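**Student:** Here you go, one structure.
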Amino acid sequence: MDNVFKYYEFSDFFMDTSGMFFNNEISYSSLNDTHFLIFEKKEATYNLYVSKYNNNKEIGVHPAIILELLVTDYDKGNPAHRIAIKQYLD
């Protein structure tokens with residue numbers, strides 16, 4: 001997964017304190033100034049979301065304006081999971 005995070009320029013993981021991600025660790029990549037892809041690290045698995053915030057400083061601190069789960073238990077070997085990221089970041 002480290003290759004996925006580096007290739008798509010996800011942030012370092014940090015603790016969610018907003019409650020949106022159940023206080024799990026999260027990492028994000030910017031789509032534009034207000035839309036972001038977010039990986040939630042839940043034990044040994046990762047969930048992928050698309051979200052909207054007023055700015056990146058609100059991620060993990062305040063609830064998202066919009067939050068949609070794209071992939072549960074992300075698997076970089078699964079073509080459908082790779083497409084979920086590529087449709088936003090490529």
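**Student:** Across the stretch 64-88, which residue is surrounded by the fewest Cβ atoms within 10 Å (Cβ to Cβ) among those that are part of a loop (DSSP other than H, G, I, E, B) and in contact with a His (Cβ under 7 Å, 6 or more places away or on another chain)?
**Tutor:** Filtering the stretch 64-88 for residues part of a loop (DSSP other than H, G, I, E, B) gives 64-65, 72-78.
Filter again for in contact with a His (Cβ under 7 Å, 6 or more places away or on another chain), leaving 74-75.
Numbers: 74: 19, 75: 13.
The extreme case among them is 75.
Residue by residue, here is whether (1) more than 15 Å from residue 5 (Cα to Cα); (2) surrounded by 15 or more Cβ atoms within 10 Å (Cβ to Cβ); (3) of a type in the set (Val, Ile, Thr) holds:
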residue	(1), (2), (3)
23	yes, no, no
39	no, yes, no
43	yes, no, no
90	no, no, no
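**Student:** Right, another one. Filter the stretch 1-47 for residues that are of a type outside the set (Gly, Ala, Ser) and in contact (Cβ under 8 Å) with a residue 60 or more places away in the chain; which is farthest from residue 78 (Cα to Cα)?
**Tutor:** 8
Laboratory data are not the source of any read-out in this text; all were calculated from the coordinates shown. Note that this is a predicted model, so its numbers are computed, not measured. No Cβ is skipped: glycine too gets one built from the backbone with ideal geometry, and neighbour counts run over all protein chains shown.
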